[in-house]
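Peer 1: Next up is a structure, given as structure tokens.
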Amino acid sequence: MENKKIVVGNMKMNLTAEEISDYLKEINGQVGSNRVVICPTSIYIPYFLKQDYLVGLQNTFLHESGAYTGEISPKQAASMGIAVTIIGHSERRMYFDEKDKLINEKVKEAIKQNLRVILCIGETAEERNMMRTEKVLRKQILGGLRGLEKDMFDNVILAYEPIWAIGTGEVPTNEEITKTIGYIKSLVLEIYDYESIPVLYGGSVTDKNIKELNKIPNVSGFLVGGASTKPKKFLKIIEVAVK
Ligand code: PGA
């Protein structure tokens, strides 16, 4: 059983400046753990840094600097005191056509700048129905982590997020998640000889199901989308998983 869990809030492209201000007032001082990472929409990050929250980005680019309009580099993130970046989220893969090769380059650049990378992997409903989950995860892991030296794995966290569970209210059973995380960990051990890589679960984690999900023996924590934008729900999740 892994005791100390990590909770990562992925707020995606949600909330206005005014709502963020209310949000900060509501969570004021109650997060109280260095095992909670909040990933707001990037323009709001300074507000969170100012109040000493551990902050992450929802995406970073593959170069240090240059003419890449709209992008944020891991070097810039590090220079702001941002310690974490999410890479390869299924929404990036789907809407921005990010493929494993690009994701791999982003992962390497982020690690080079000493960020912690949360690499997201997960299967679609169709892939699941066709019993292809392990095959898909294997491809995403091999593609996303290609060429990493063993010591670089200290900066990697994997997030297992079945795409059919994201934002849908549908969640796999604890047995299914345990089995899949077991597969992911054994694969990383087999291929990269790296033991005990942290694996988070993400996909419709809420204040209602967190108690049950928290019983999963091999999960290292949770990546929370929708519920992280609601202070009460997010604090409840933190209370159950981290405190
Ligand atoms: P959700 O999103 O919690 O709203 O399902 C999770 C995620 O996309 O990281």
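Peer 1: Please compute one quarter of the surface area of the Cα convex hull for region 111-242 and express it in square nanometres.
Peer 2: Approximately 8.1 nm², given one-decimal rounding.
Peer 1: So for the chain, taking the charge dipole from beta-carbon charges (+1 Lys/Arg, -1 Asp/Glu), which of His63, Asn174, Ile45 sits furthest toward the positive end?
Peer 2: Asn174
Peer 1: Please work out the C-alpha center-to-center distance from region 89-123 to region 147-212 and express it in whole Å.
Peer 2: 15
Peer 1: Go ahead and estimate [θ] at 222 nm for the chain from helices alone: -39,500 (n - 2.57) per DSSP H run with n ≥ 4, summed, over the residue count, rounded to 500.
Peer 2: Rounded to the nearest 500, the figure is -11000 deg cm²/dmol.
Peer 1: Another question, if that's okay. Taking Rh as the Kirkwood radius computed over C-alpha pairs, what is the Stokes-Einstein D of region 1-131 at 4 °C in a medium of viscosity 1.567 mPa s, expressed in µm² per second?
Peer 2: Roughly 81 µm²/s, to the nearest whole number.
Peer 1: Then there's this: I need two numbers for region 14-64: Rg to one decimal and Dmax as a whole number, Cα atoms only, in Å.
Peer 2: Answer for region 14-64, Rg first and Dmax second: 11.7, 37 Å.
Peer 1: Same structure again: Go through 37-46, 165-174 and give me the packing order, highest mean Cβ count within 10 Å leading.
Peer 2: Packing order, densest peptide first, comes out as 37-46, 165-174.
Peer 1: At R0 = 35 Å, how high is the FRET efficiency between Asp193 and Thr124 if r is their beta carbon distance? Nearest 0.05 is fine.
Peer 2: 0.70
Peer 1: Of the peptides 200-209, 56-65, how do they stack up when ordered by the mean number of other Cβ atoms within 10 Å, highest first?
Peer 2: Descending mean neighbour count gives 200-209, 56-65.
Peer 1: Glu18 to Ser79: extension gain in nm, 0.36 nm per residue of separation minus the Cα-Cα distance?
Peer 2: Net length gain for the segment: 19.3 nm.
Peer 1: Suppose the chain between Lys135 and Thr173 were pulled fully straight at 0.36 nm per residue; how much longer would it get relative to their current alpha carbon spacing?
Peer 2: 11.7 nm
Peer 1: Give, in whole angstrom and from largest to smallest, the semi-axes √(5λ) of the equivalent ellipsoid of region 98-153, with λ running over the eigenvalues of the Cα gyration tensor.
Peer 2: The equivalent ellipsoid of region 98-153 has semi-axes of 25, 10, 9 Å.
Peer 1: How many percent of all Cα-Cα pairs in the chain sit more than 26 Å apart?
Peer 2: 34
Peer 1: While we're looking at this one, here's another question. Any of Lys5/Lys108; Lys185/Lys233; Lys101/Lys135; Lys150/Lys185; Lys75/Lys135; Lys5/Lys106 with alpha carbons more than 22 Å apart? Name them for me.
Peer 2: Correct reply: Lys5/Lys108; Lys185/Lys233; Lys75/Lys135; Lys5/Lys106.
Peer 1: Now for a different question. Quick one, can you get me the convex hull of the C-alpha atoms of region 137-211 expressed as volume per residue in Å³?
Peer 2: Here the figure is 98 Å³ per residue.
Peer 1: What does the highest-first list of 141-150, 216-225, 25-34 look like by mean Cβ count within 10 Å?
Peer 2: Descending packing order for the listed peptides: 216-225, 141-150, 25-34.
Peer 1: Right, another one. Using amide H atoms built 1.01 Å from N in the peptide plane, name the residues 5+ places from Leu57, or on other chains, whose amide H lies under 5 Å from its own.
Peer 2: Distant-sequence amide H within range of Leu57: Val84, Thr85, Ile86.
Peer 1: Pick from Ser90, Ser196, Ser73 the residue whose mean-square fluctuation is largest in a GNM of the chain, springs joining Cα atoms under 10 Å.
Peer 2: Comparing Ser90, Ser196, Ser73 in a Gaussian network model of the chain, the most mobile one is Ser196.
Quick note: the coordinates plus some simple rules give every number you see, no bench work behind them. For clarity, every value in this text was computed on a predicted model and none was experimentally measured. Positions of Cβ are backbone-derived with ideal geometry, glycine not excepted, and every protein chain shown enters the neighbour counts.
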